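Worksheet for the structure shown next.
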Amino acid sequence: MTLEAKESGGATHPLHQSWIMWYDYQRFVNQSNPRDGLHKLSTIADVEGFWNVVDTIKPASSLAFGANYHFFKDGVRPEWEDPANIDGGKWNIRIVDEEADKIDSAWERTLMGLIGEYIFDPLERKHQGIECIVTGAVLARRRLNTRIELWCNRCFDDDETVKDIECRIREIAGLEVKLSFHPHKKSIKSTITTLEAGSDVK
């Protein structure tokens, strides 16, 4: 399924960066080739196109358990191995099922921060170039909790920077929750180990 932007009948407001909304459903994903289950919904190049997509697709809280939305810069695939992601990682925000009413607001606020490129604006003076680290975001709907993941192209080992980033992500999402950071290379290594272990089972 691909969504086409509606004719606005007037001037559009171009985004500085085009984005792509993807979708997959883990129940039907071929684990040996996850790309098979990844579907491109729409390329978003202007504000009007963004709201068209947001208003057309299912709200995040209505997704089936196991389904995911991926919202990434045009040219970056929502995969750990993509060159724009491989040296980075992701910040995870977990929203427990009892707070499901917060999912839609937090996801929409995160998307708006991405297209408006203001997620890390307040940190720019202190941490030069930090706005450019974000490559995309993922909404992962699960039975016990829902994750919002903010993906970036680098990792940080400086506690002050990490603390500042986490505070800003909470502010953007409108949630007071604990965040965790996961480097992609660690995830890739874990996946390879799991696959190798499986191939040894006869």
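The values are calculated or read from the model by the stated rules, or taken from the named source; none is laboratory data. The shown structure was predicted, so the numbers you read here are calculated from the model rather than taken from an experiment. FYI the Cβ positions are ideal-geometry reconstructions off the backbone, even for glycines, and counts take in every protein chain you see.
Quick rundown of the values:
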item	result
Criterion (touching a Ser or Thr at 6+ places or on another chain (Cβ under 7 Å), more than 20 Å from L179 (Cβ to Cβ) and either buried (at least 21 other Cβ atoms within 10 Å of the Cβ) or in contact (Cβ under 8 Å) with a residue 12 or more places away in the chain (or both)) met by exactly one of A100, A137, A67, A84	A84
Breaking point among (1) at pLDDT 95 or above; (2) touching a helix residue (DSSP H, G or I) at 6+ places or on another chain (Cβ under 7 Å), for V47	(2)
Of all residues in segment 64-102 being among the acidic types (D, E) and in a loop (DSSP other than H, G, I, E, B), the one that is nearest to V162 (Cα to Cα)	D87
Residues satisfying the stated conditions in segment 103-134, i.e. of a type in the set (G, A, S) and either under 20 Å from C155 (Cβ atoms) or surrounded by 18 or more Cβ atoms within 10 Å (Cβ to Cβ) (or both)	A106, G113, G129
Counted residues, segment 1-42 - those being crowded, with 16+ Cβ neighbours inside 10 Å and modelled with pLDDT of 95 or more	9
Scan of segment 68-116 for residues that are within 16 Å of R141 (Cα to Cα), under 12 Å from the mean Cα position of the chain (by Cα) and of a type in the set (D, E, K, R), ordered by number	E108
Output for segment 143-172, where each listed residue is modelled with pLDDT of 95 or more and hydrophobic (A, V, I, L, M, F, W, C)	I148, L150, W151
Residues that are modelled with pLDDT of 95 or more and of a type in the set (F, W, Y), drawn from segment 67-90	Y69, F71, F72
Scope segment 135-189; condition assigned to a helix (DSSP H, G or I), under 18 Å from R77 (Cα atoms) and over 14 Å from the mean Cα position of the chain (by Cα); matching residues	K185, S187, I188
